[in-house]
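Report on one structure; see the data block that follows.
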Amino acid sequence: MDHQKNFDRDQPKEFVEKLIKLNRTAKVVKGGRRYSFSALTVVGDKKGRVGFGFGKANDVTEAIRKSIDKAKRNLVTVPLKNGTIPHEIQAEFKSSSVLLKPACSGTGIIAGGPVRAVLEAAGATDVMSKSLGSNTSVNVVRATFEAVKGLMDAREVAKNRSKTLKDLWG
C-alpha cells in the first residue's frame, strides 16, 4: 500500500505543464464577495504531442488540476521536423487569428505568450508566429490549436498523392 503511494512521486513526469492564465471572478452575495477561479493550461511531452485545458473551481489549485486533467484528455500531434513546422499556416478561432511560419535552426520561438507556451510544450524550437486580431488568451490558444491541427505531415501528403517521399522531395 505504501509502495503504491510513492510510485507516482518517483516516476518522472512525462508532460510539461504550463499555466497560461489564471483568472479570479467575484460573485457578490449577502455575506460579501465569493471568489472563484478559472485556469487555462497547456500540457505537452516536448515530442510533438500537446493539449490545452480550461478549468473552473472555487480554489486555485483545484482549478489548475481540473484544467491539466482536461488538457491531458485532448492531446493533438504536431508534425515537427528538425524542431520546426513543415509549412506556413494561418488559422482563426472567433476573432483571434494566428500565423505560424517555419524558421531555420537557431531562430528560436518568436511568439507571444499563449502561442509560445503551446509551441514550447509541443517541443518546437524554431518557429515564427504572429497573433492577429483579438488577444484573449483562450481564443489565441484555440486558434493556435486550429493551426496545429491543419498542419500536414510530408508522409501523409505523399500517401494521399500515392507517391513516395523521394518523389515528393525530388
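Which one of the conditions (1) under 17 Å from the mean Cα position of the chain (by Cα); (2) under 28 Å from D126 (Cβ atoms) does K70 fail to meet, given that it meets all the rest?
It is condition (2) that K70 fails.
Given (1) surrounded by 21 or more Cβ atoms within 10 Å (Cβ to Cβ); (2) in the same structural domain as N135 (by TED's automatic domain parsing), identify the lone condition not met by A71.
With (1) surrounded by 21 or more Cβ atoms within 10 Å (Cβ to Cβ); (2) in the same structural domain as N135 (by TED's automatic domain parsing) applied to A71, the lone miss is (2).
Quick one: would you say E88 is of a type in the set (D, E, K, R), crowded, with 16+ Cβ neighbours inside 10 Å and either in contact with a Cys (Cβ under 9 Å, 6 or more places away or on another chain) or more than 13 Å from I20 (Cα to Cα) (or both)?
no
Which is in contact (Cβ under 8 Å) with a residue 40 or more places away in the chain, farther than 30 Å from S36 by Cα and either of a type outside the set (D, E) or assigned by TED's automatic domain parsing to the domain that holds N23 (or both), of T84, T164, T107, T77?
T84
Test of understanding: among V28, V43, V98, which residue is under 18 Å from T144 (Cα atoms), free of Cβ contacts under 8 Å to residues at least 60 places away in the same chain, part of a strand (DSSP E or B) and aliphatic (A, V, I, L, M)?
It is V98.
Exactly one of (1) over 20 Å from L40 (Cα atoms); (2) touching a Gly at 6+ places or on another chain (Cβ under 8 Å) is unmet by A154. Its number?
(2)
The values are calculated or read from the model by the stated rules, or taken from the named source; none is laboratory data. As the structure is a prediction and not an experimental result, all values here were calculated from the model. So basically every Cβ, Gly included, is an ideal-geometry build from the backbone, and we count neighbours across all protein chains shown.
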